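Here's the structure, in structure tokens; my notes come after.
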Amino acid sequence: MVESFTKVKLNDQQLSLLAASAFGADSAVVGSKELTGGFFNTGYDLELSDGRSVILKVAPGPETAVLSYEKDIMRAEVEALRLVRAAGGIPVPEVYSYDESLQLIPCPYFFMEKVAGEPYSDVKESLSAEQRASIEYELGRYQRLINEIKGSAFGLFSGGAASAGASWRETFRTMMGNVLQDARRLNAVLPVSEAEIEQALERYLPALDEVTQPRLVHWDLWNGNIFVQDGMIVSIIDWERALWGDVLQEYYFRHFENSEAFFEGYGTALNSPNEVLRKRLYDLYLDLIMVIECYSRQYKDENHVNWTRDNLAETWKLFSAAE
């Protein structure tokens, strides 16, 4: 587990207080375990006296320095979960309660259903090629259903990234600008100067004009956020980075993955010349964030920190060399 500065630790008394508030005074916490997955929020697996098992997620407090896009992302997750669950057809956990009043603890938190299964990232290597293909085909189908949900404006769930009515090009330019401002504020070391990145961006941004309909994008749908059981997907979790944007921002379109089964389930690999340009742009956006968040979260794992830098350097070579 990569330890993160943003993670909040609660004691037994605090856990009991939150559970009683959400489920009633008779719902005492009789067992708790901090979850080791994830790098931003803190998760607890709680066993209640009435026999239920629930998940508690706790966000960093308002005073914690986070990246621009991470402000209020717990509210974004709750809104996205409720939206997707209401739409139907996509397996997501139920939200039981959400509290951002800061009255019981100085952090937003919510309780949700504990889902069955294991993260796909934990079991993928133990599965046969046929089992992996089946799961990734199913993921492609779910990803398509997610992306078919339409919005009225582009931007982040957690407050938006541009003014209402802004184009996707304008919205994404603002998102990228915020990331570069975060890098400047945190004195993050990038492979080239901010000016060089902005200059290279200008060659790519016109490709975004092809995107005219805001679509629901999970954006963080990597293998750790896919829960599987008996060879099937049983839940899709961690929606805090959801946004209304371009479907090509989804993780399985990033350079980390190249799953033919996913593309088959999705219905297309989306590899037109314009789509290839957009993929490269979103690769750079994600890889910049992965480096910059090392500074805000104060990771101590040097192997992870060095990997993010090397990964960004490789992405930048491809991005800056493209015509």
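Structure summary
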| read-out | value |
| --- | --- |
| Cα centroid separation - segment 182-245 against segment 28-90, whole Å | 20 Å |
| Zone of ALA20's modelled label, taken as backbone nitrogen in segment 29-54 under 11 Å from a point 7 Å along Cα→Cβ | 29 |
| Spatially close lysines, pair count over the chain: Cα under 19 Å, gap of eight or more or interchain | 12 |
| Cut-off 13 Å (backbone N to label point 7 Å along Cα→Cβ of THR64), residues of segment 92-123 | 106-110 |
| Pair GLU170, ARG144: separation of 7 Å Cα→Cβ label points (nm) | 3.3 nm |
| Folded to 0 to 90 degrees: helix 168-185 orientation relative to the chain principal axis, Cα | 70 degrees |
| Dipole moment magnitude, nearest 20 debye, the chain about Cα centre, only Lys, Arg, Asp, Glu C-beta charged | 500 debye |
| Nearest-0.05 FRET efficiency for ALA28 and GLN229, computed from C-beta distance (R0 22 Å) | 0.15 |
| Translational D in µm²/s for the chain (Stokes-Einstein at 25 °C, 0.890 mPa s, Kirkwood Rh from C-alpha pairs) | 118 µm²/s |
| Helix 129-147 axis, angle to the chain major axis (alpha carbon atoms, nearest 10°) | 80 degrees |
| Rounded percent of accessible protein surface that carbon and sulfur make up, segment 70-179, 1.4 Å probe | 45 percent |
| Low-density loop positions, chymotrypsin sites (Phe, Trp or Tyr not before Pro), segment 202-278 - DSSP coil, at most 13 other Cβ in 10 Å | PHE256 |
| Quotient of C-alpha Rg and 2.2 N^0.38 Å, computed over segment 35-178 | 1.22 |
| Full-extension gain in nm, GLU314 to LYS114, via 0.36 nm per residue minus C-alpha separation | 68.2 nm |
| Cα-based helix-to-principal-axis angle, 273-297 vs the chain, degrees rounded to 10 | 50 degrees |
| Equivalent ellipsoid semi-axes, segment 151-250, via Cα gyration tensor eigenvalues times 5, rooted, Å | 27, 19, 13 |
| Neighbour-limited loop hits for trypsin sites (Lys or Arg not before Pro), segment 201-308 (at most 15 other Cβ within 10 Å; DSSP other than H, G, I, E, B) | LYS300 |
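The values are calculated or read from the model by the stated rules, or taken from the named source; none is laboratory data. Predicted model, so just to flag it, every value in this text is computed and none were measured. Note: ideal-geometry Cβ built from the backbone for every residue, glycine included; neighbour counts use all protein chains shown. Keep in mind that these areas ignore ligands, DNA and RNA; they rest on the heavy atoms of the full protein, side chains included. Shrake-Rupley method; radii C 1.70, N 1.55, O 1.52, S 1.80 Å.
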